[in-house]
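Quick notes on the structure that follows.
We did not get these values from a lab; they are worked out from the coordinates using the rules stated. Please read these numbers as outputs of a predicted model, since none were measured by experiment. Cβ coordinates were reconstructed from backbone atoms using ideal geometry, including for glycine residues, and neighbour counts include every protein chain displayed.
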Amino acid sequence: MTTKISMEQLVNLCKQRGFIFQGSDIYGGLANSWDYGPLGVQLLKNIKDLWWKTMVEERMDMVGLDSAILMNPSVWEASGHVASFTDPLMDCRACKARVRADKMVDEWQHANNSDEKPANWAGEKTPPADLLAFINEKKMPCPSCGKCDWTEPKAFNLMFKTKMGVVEGEGKDVFLRPETAQGIFVNFKNVLDTTRRKLPFGIAQIGKAFRNEITPGNYIFRTREFEQMEIEYFFDPETTDWKELLETWKTTSMAFVRDQLGMDETRLRFRDHDPDELSHYSKGTTDIEFEFPFGWGELCAAGAYRGAYDLTQHQTHSSKTLTYRDPFTNKEFVPHVMEPSFGVGRLMLAVLLSAYDEETVSEDDTRTVMRFAPAIAPVTVAVLPLVNKLGDRATELAQDLIKQFRVQMDSSGSIGKRYRRQDEIGTPFCVTVDFETLEDNAVTVRHRDSMQQERIAISELPAYLRSHMA
Ligand code: GLY
């Protein structure tokens with residue numbers, strides 16, 4: 001177990017060390033936008049690479065895809081996003097503040113420790129008149145001005161709309177995709193025809209998605225622009241039981257976040273969606289939740305069972321056949337699908353929170369360490385020349401290592417200070433080049449977590465480091 005840190009502390013630490021900056025910082029920022037700095041972008045990339053390697057490259061039943069962000073608008077009619085991907089928003093007549101009505105109900109329940117609900121409660125899909133009646137009955141005040149004078153909630157679509165085409169006023173309306181999933185469904189037939197896969201098999205995609213949320217926040221937990229890693233795993237419901245498949249994906253997804261990303265397992269748990277909160281397409285969904293500083297929150301969907309909803313919808317709207325023919329039985333049908341879905345920024349937030357540690361080294365000495373799993377640490381090896389005179393030998397060594405590891409050179413300050421600086425960015429190994437190195441071609445390797453030091457021959461160094469990265 002590591003040390004718990006507040007969100008404010010984490011935001012400062014990430015800014016100071018170059019993990020995450022406010023978006024458009026020199027212009028005063030843009031609400032809810034964040035830029036990933038040199039260490040942040042590397043950590044993000046390492047998480048994505050590890051996911052791709054684990055979920056695609058190391059599995060015989062998975063293939064990858066990279067579809068366009070802008071898609072034919074009919075995709076979103078078919079998927080149900082035009083009609084159903086909405087939040088119920090209402091306005092305060094007194095101060096004009098706009099809020100999400102279903103979230104007001106959630107917060108009221110939480111604050112009053114009550115499970116009383118509006119009539120016909122279905123989360124964001126509750127009929128507007130029922131939401132308003134409940135909010136008025138409980139006299140829920142406006143969070144900005146304290147009055148209770150609300151308009152009836154209206155469905156607000158979360159998709160960002162833009163124009164395609166170069167002629168002002170004449171462009172065609174298109175949407176920035178709100179999920180990567182639909183790019184997979186519309187390519188199902190292309191992938192099937194070109195790879196000749198047999199069911200069950202999955203298609204994975206990593207890419208940006210956009211949602212015009214009214215209540216983004218909690219740093220990189222909920223942003224309007226974000227990156228997803230999604231899998232659509234197609235199967236025959238007559239030969240594969242969806243509940244068993246969901247259990248398999250729960251195990252796979254949990255193993256990824258806990259064992260490979262190194263998240264603190266005491267802060268992880270499964271949560272099944274209640275029937276009234278299931279998405280319009282889902283018959284059963286299990287999330288993995290993480291204990292963030294603001295409470296338990298969704299980390300990822302370990303698996304969402306979407307049935308044959310998406311392929312059937314696209315088959316109807318496109319008039320193209322999206323069936324699978326079983327080569328042994330000749331049975332032709334629309335496959336069902338299980339969807340594990342991860343948000344990369346959210347995983348990174350949980351990785352940062354899990355890694356942060358303050359360790360008492362001695363009575364008057366505390367160190368801050370980011371205990372990243374070595375496979376995803378932004379820097380794997382720091383090469384430290386004991387004195388500047390040894391810079392050439394250290395550079396030569398760094399250039400050899402950089403072909404296999406993520407290397408940083410640091411030559412300023414005492415060795416002790418340099419070790420601590422590397423601890424703060426989570427570098428698992430520091431390699432010190434000293435005068436003896438010139439004689440014995442060996443270096444001192446210092447381990448981040450144990451602070452133990454060992455003398456290792458340079459010829460054996462890459463194999464030694466690799467063996468300590470697992
Ligand atoms: N594809 C599911 C989601 O984006 O939430």
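The table that follows gives values for the structure above.
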{"read-out": "Amide H within-cut-off set for A382, under 5 Å, with H built and near neighbours excluded", "value": "Q408, F429, C430, V431"}
{"read-out": "Folded to 0 to 90 degrees: helix 391-401 orientation relative to the chain principal axis, Cα", "value": "40"}
{"read-out": "For the chain, calculated [θ]222 nm from helices alone, where every DSSP H run of n ≥ 4 adds -39500 (n - 2.57)", "value": "-9000 deg cm²/dmol"}
{"read-out": "Near-label residues of the range 379-408 by backbone N, under 20 Å of a point 7 Å along Cα→Cβ of R466", "value": "379-383, 397-408"}
{"read-out": "Distant-in-sequence amide H partners of W34 (H built 1.01 Å from N, under 5 Å)", "value": "G23"}
{"read-out": "Cα lying deepest toward the dipole's positive end in the chain, options L158, T368, G413, charges on Cβ", "value": "L158"}
{"read-out": "Unpaired by the 4.7 Å Cβ criterion, cysteines found in the chain", "value": "C14, C148, C300, C430"}
{"read-out": "Protection proxy ranking, peptides 242-248, 126-132, 426-432, average beta carbon neighbours within 10 Å, highest first", "value": "426-432, 126-132, 242-248"}
{"read-out": "Residues with amide H under 5 Å from that of F201, placed H, sequence gap 5 or more", "value": "F234"}
{"read-out": "³J(HN,Hα), Karplus 6.51/-1.76/1.60, whole Hz, each residue of the range 75-85, x for Gly, Pro", "value": "4, 7, 5, 5, 6, x, 5, 5, 7, 10, 8"}
{"read-out": "Magnitude of the charge dipole, the chain, Cβ model with Lys/Arg +1 and Asp/Glu -1, debye to 20", "value": "920"}
{"read-out": "Rounded to whole Hz, the Karplus (6.51, -1.76, 1.60) HN-Hα couplings of the range 299-308, x for glycine and proline", "value": "8, 6, 8, 4, x, 10, 7, 9, x, 9"}
{"read-out": "Which of V11, T444, L352, positive extreme of dipole for the chain (C-beta unit charges)", "value": "V11"}
{"read-out": "Residue (of V82, V105, G123) at the positive-pole extreme of the range 61-174, dipole from beta-carbon charges", "value": "V105"}
{"read-out": "Positive minus negative residues near M164 (Lys, Arg vs Asp, Glu; Cβ under 10 Å)", "value": "+1"}
{"read-out": "Calculated FRET value between K103 and D400, using beta carbons and R₀ = 60 Å, to 0.05", "value": "0.65"}
{"read-out": "Cα-Cα over 29 Å, subset of K208/K320; K250/K403; K48/K331; K161/K250", "value": "K250/K403; K48/K331; K161/K250"}
{"read-out": "Amide N proximity, the range 308-349 versus D236 label position 7 Å along Cα-to-Cβ, cut-off under 19 Å", "value": "308-309, 311-312, 322-338"}
{"read-out": "Using θ = phi - 60° and Karplus 6.51 cos²θ - 1.76 cosθ + 1.60, couplings along the range 62-74 (whole Hz; Gly, Pro as x)", "value": "9, 10, x, 7, 9, 9, 6, 6, 8, 10, 3, x, 4"}
{"read-out": "The range 355-396 - charge dipole about Cα centre, Lys and Arg +1 at Cβ, Asp and Glu -1, debye rounded to 20", "value": "320"}
{"read-out": "Crossing angle, helix 415-425 versus the chain [Cα axis fit, 0-90 degrees, rounded to tens]", "value": "10"}
{"read-out": "Cleavage-rule hits, GluC sites (Glu not before Pro), the range 270-367, DSSP coil, Cβ neighbours within 10 Å at most 14", "value": "E363"}
{"read-out": "Simple Cβ-charge dipole of the range 117-258, Lys/Arg +1 and Asp/Glu -1, about Cα centre, in debye nearest 20", "value": "280"}
{"read-out": "Inter-site label distance for K96 and K172 at 7 Å from Cα along Cβ, in nm", "value": "3.7"}
